[in-house]
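S.K.: Sharing a structure with you now.
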Amino acid sequence: MNAMTQPPLDLPIAVSIRRVVALAAVAGYVEVIGFTDFGGIYPGIMTGNTVQLGLTLVKAQWERLGVIGFAVALFFLGGIIASLIKRHLRRGPVELVLMAAILVAAGIVRLYAAVRIPIELPLLALAMAMQGETISNFGGVSIQTIVVTNNMVKFSDALVGRYMSGSRATGTPGTPGKRTELKEVLMPGLAWLCYSIGAAAGATAAALLHLPLLVPAVALVFISADLLLVRTSYPHPSR
């Protein structure tokens, strides 16, 4: 059984929590810097960009429409590249290290305002796509750390399933089932909270640091090390 088909490790909940917290904070941090650098265009939040795409089309703001369309296309292309990398490497830690290197490059490029759109934007879009492709399962809970909306929906549903449902059931309404697990409440809730905290940290760092994108790059290296070390400490059940 290869790395692409193995079931997730049965890890302690604390391990999954720290990964969700770190990755969500990284995403929020990078997004707010990109949003500032690109004049209100996100490198990885395609819902917001797609809404703006329709708005600028109706308003005939052709120059901005082109830039937003460029961002959306770059993220889609970045997703394809990230998927190819994942399928060939089959090692999440290595892909996160590559993402860290891309953030370092983007951090250097952003020092030159004239090339932020043509060079920094593609780099950040690729980095965000790579994060979305690399890790999306945390202790058996499926979470995307580069977006918020779906996590808010999961969080609200999990809260009801664990604390507000009369039957404390999951699945088909009216059908008895097991109570929603605590980790299903914590993971999306923390992802939402830490995304916002990361955004605040990114906005602060952009105002104070010369190379603010070095911060998430270093964080990704630590996350990669965590993935490697924990894999050694908790060998796969099939082994």
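Values in this text are rule-based calculations from the coordinates and carry no lab data. Source: prediction; values computed, not measured. Don't worry about glycine lacking a Cβ; one is built from the backbone with ideal geometry, like all the others, and counts go over all protein chains shown.
S.K.: I'd like the FRET efficiency for T36 and V115, computed as 1/(1 + (r/R0)^6) with the beta carbon distance as r and R0 of 22 Å, rounded to 0.05.
M.R.: 0.90
S.K.: Scan around F138 for amide H atoms under 5 Å from its own, H built in the peptide plane at 1.01 Å from N, and keep only partners 5 or more places away or cross-chain.
M.R.: Long-range HN contacts for F138: I143.
S.K.: Provide the gained length on full extension for the span D226 to A105, in nm with one decimal, where the gain is 0.36 nm per separating residue minus the Cα-Cα distance.
M.R.: So the chain would gain 41.2 nm between D226 and A105.
S.K.: Using 1/(1 + (r/R0)^6) with R0 = 30 angstrom and r between the beta carbons of R18 and W62, what's the FRET efficiency to the nearest 0.05?
M.R.: That gives a FRET efficiency of 0.10.
S.K.: Give the calculated FRET efficiency between V218 and L84 to the nearest 0.05, with a Förster radius of 35 Å applied to their Cβ-Cβ distance.
M.R.: After rounding to 0.05, the efficiency reads 0.85.
S.K.: Looking at the chain as a GNM with Cα springs under 10 Å, which of Y112, Y42, Y29 has the largest mean-square fluctuation?
M.R.: In this elastic network of the chain, the residue with the biggest mean-square fluctuation among Y112, Y42, Y29 is Y112.
S.K.: May I pose another question? Averaging the inverse of every distinct alpha carbon separation and then flipping it gives the Kirkwood radius. What is it for the chain, in angstrom units?
M.R.: After inverting the mean inverse Cα-Cα distance, the result is 18.9 Å.
S.K.: A follow-up question, please. Counting alpha carbon pairs within less than 8 Å and at least 6 residues apart, what relative contact order, in whole percent, applies to the chain? Intermediate values should be presented prior to the final figure.
M.R.: Details: 329 pairs, mean separation 79.2, N = 239.
This gives 33 percent for the chain.
S.K.: Cα-based Rg of the range 39-135 per 2.2 N^0.38 Å, rounded to two decimals?
M.R.: Against the compact-globule rule of thumb, the ratio is 1.13.
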